[in-house]
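What follows is calculated from the coordinates using simple rules that are stated; it is not laboratory data. What you see is a predicted model, and the numbers here were worked out from it, not measured in a lab. With ideal geometry, Cβ positions are generated from the backbone for all residues, glycine too; neighbour counts draw on all protein chains shown.
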Ligand code: F6P
């Protein structure tokens, strides 16, 4: 019986469990055996696996996170890990591997394909929605809804206290969560990594709004946004195994500057991992389910080195390379719509 492995790598996000469930259910129907590789690429380096059958995936559809666990392990980082991956792939008797992840996990999947590991199919995930070659990644819709609810909540307290509140959202180097949650939550200013922050402009917009009688404002800032002097606020300078800095903290800096320059009392709220946890929305459950089923169909058709993707309302296949060659940043047409409501 042919054997498929499945792993989830990188930051977790709501919708991973629906993918795992869909892959297992479809694989069993097609007569495959399926093995869960624990904690992303780390599990393949360490040969750490778990059995996956119909019982193992029962009841996981509405659950956030991933029953397989995850890590940010990069097998190309440490000497000897790549050899272990290749060796364990053989030991496990895998005919195919479904790798569910974002740019880092899928980047490894692409490199492994080039390095002769057969049978890899990618499934895109991330709350950041920054993967090319797919219209949406699952996880994003849930994060967006959480962030929108938070902005709604910040509105009522900002209004009561006549304050400015800066809401810092995730998204790494793309401003998708900030832009869409900002539009949905009626933010008065939205700041994203794609456009350097001009503090004079931000304060002018806030002052203009207050001059027409408003006594509060909501500013949404993406964690990866930068000031126009090129400075970026990070939590630490140390890079992870994929060369990323840990972002976070710009909200604090921004709030201090806004208060200093406008004289309006300002607070900050960092939404953080709240955006990544919890139950997936219906959209993310359906998208994850469709991608999982399609991934097994690609395995069956022996279409490897591919990623399943959403294009319009269809699930399609694209070369893995197309997904990882560049980040998908915010569409300026969308940002210009958000700008209509600034101030
Ligand atoms: O990529 C998803 C993401 O949540 C980013 O938005 C954020 O910058 C990063 O992961 C946080 O990573 P960690 O969970 O390692 O702190």
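Before moving on, here are some points about what is shown:
- Crossing angle, helix 103-114 versus the chain [Cα axis fit, 0-90 degrees, rounded to tens]: 30 degrees
- Taken over segment 140-277, the percentage of Cα pairs per 5 Å bin, counting from 0 up to the bin with the maximum distance, is 2, 11, 21, 24, 20, 13, 6, 2, 1, 0.
- Ordering of 32-40, 88-96 by packing [mean C-beta count within 10 Å, highest first]: 32-40, 88-96
- From the alpha carbon centroid of segment 224-256 to that of segment 277-302 is 33 Å.
- Likely footprinting exposure, 332, 1, 307, 232, fewest C-beta neighbours within 10 Å first: 1, 332, 232, 307
- Where only DSSP H runs of four or more residues are counted, the chain gives -12000 deg cm²/dmol as its mean residue ellipticity at 222 nm, each run worth -39500 (n - 2.57).
- Each peptide in 200-212, 284-296, 121-133 gets a packing score, the mean of other Cβ atoms within 10 Å over its residues, and the list from highest to lowest is 121-133, 284-296, 200-212.
- Separation between Cα centres of segment 93-139 and segment 1-35, rounded to whole Å: 13 Å
- Between 0 and 90 degrees, the angle of helix 81-91 with respect to the longest Cα principal axis of the chain falls at about 40 degrees.
- Projected over every direction and averaged, the convex hull enclosing the alpha-carbon atoms of the chain yields 17.1 nm².
- Protection proxy ranking, highest mean first, for peptides 63-75, 170-182: 170-182, 63-75, where packing is the per-residue count of other beta-carbon atoms within 10 Å, averaged.
- With Cα atoms, 0 to 90° folded angle of helix 176-185 axis to the chain main axis: 50 degrees
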